[in-house]
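The values are calculated or read from the model by the stated rules, or taken from the named source; none is laboratory data. Keep in mind it's a predicted model, so treat the numbers as computed, not measured. Please note: Cβ atoms are built from the backbone with ideal geometry, for glycine as well, and neighbour counts cover all protein chains shown. Please note that ligands, DNA and RNA were not included when accessible areas were found on the heavy atoms of the full protein model with its side chains. Shrake-Rupley method; radii C 1.70, N 1.55, O 1.52, S 1.80 Å.
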Amino acid sequence: MSAIDKLNFVKDGVRKLPPGFRFEPTDEEIVFQYLARKIFSYPLPASVIPEINICKFDPWELPGDSDQDRYLFSNKETSNRNGDPTSMVTSGGYWKETGSDKQIMCSKWMPIVGIKKTFVFFKGKNSRANSRTDWLMHEYHIARPVGNSASNVQQRTNSQDSLVQIGNWVLCHIFLKKRSNKADGIGRSSLQDFTTVETSSSEETDSSSASSSSLYSDSSALTEVSSNVSSDDQNA
């Protein structure tokens, strides 16, 4: 068995880690260590995220243990969005976007940024007869500013209007929101509280970017990515 085979933890669309191991990546690691590397065809740290068309499954039907968070790559070209970028249709319902988008930045990857969207799953396809579930999804994609300037990104951190998505791959984090348990204080609160926490914690996530910059040691690869993007804009 080769070293690469030993780092392949996906079988039949299911992530299977050795006992004692947990896959709990940060937003920055999701965007720049996994999604960006997949889109630019760089080697991934490990084969731990399967490729699945999320619109072929209701969330409870996805491969793997429903008690565990699912991380998967999905190609937006094959997603059934029916022309609506804010929703995705499955056989038993649909994912509906909620809350505000969040930008994820890393100085070593500028001007490329990550965008995080939040979706909630509804059962049924009739807007009057549907029901909201406790299934949530974070969808990540990468983008660059139209002018391809790092300063443009920093100046427009509250707007996505000037950003263009790169590639068709997205990385989805799907999980079942735990109901509040007043007895032991464990569990996530309501969806409204959840989206509020996401927004309020953005400053903490941004501040942690600098401390985790040591993760990106492949400086030559990162320089090449930014150079390629700049060349594409000049040629265009």
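Worth pointing out:
- Residue that is most open to solvent (accessible area, probe 1.4 Å) [pool: residues in segment 26-44 that are part of a loop (DSSP other than H, G, I, E, B) and of a type in the set (S, T, N, Q)]: Ser41
- Residue list for segment 45-84, restricted to those being at pLDDT 90 or above and part of a loop (DSSP other than H, G, I, E, B): Ile49, Pro50, Ile52, Asn53, Phe57, Asp58, Leu62, Asp69
- Condition check for Phe23: touching a strand residue (DSSP E or B) at 6+ places or on another chain (Cβ under 8 Å), modelled with pLDDT of 80 or more, outside any helix (DSSP H, G or I) and within 21 Å of Gly114 (Cα to Cα): yes
- Filtering segment 82-122 to residues that are surrounded by fewer than 20 Cβ atoms within 10 Å (Cβ to Cβ) and of a type in the set (Gly, Ala, Ser) leaves Gly83, Ser87, Ser91, Gly92, Gly99, Ser100, Ser107.
- Hey, Arg128 open to solvent by 20 Å² or more (accessible area, probe 1.4 Å) and modelled with pLDDT of 55 or more or not: yes
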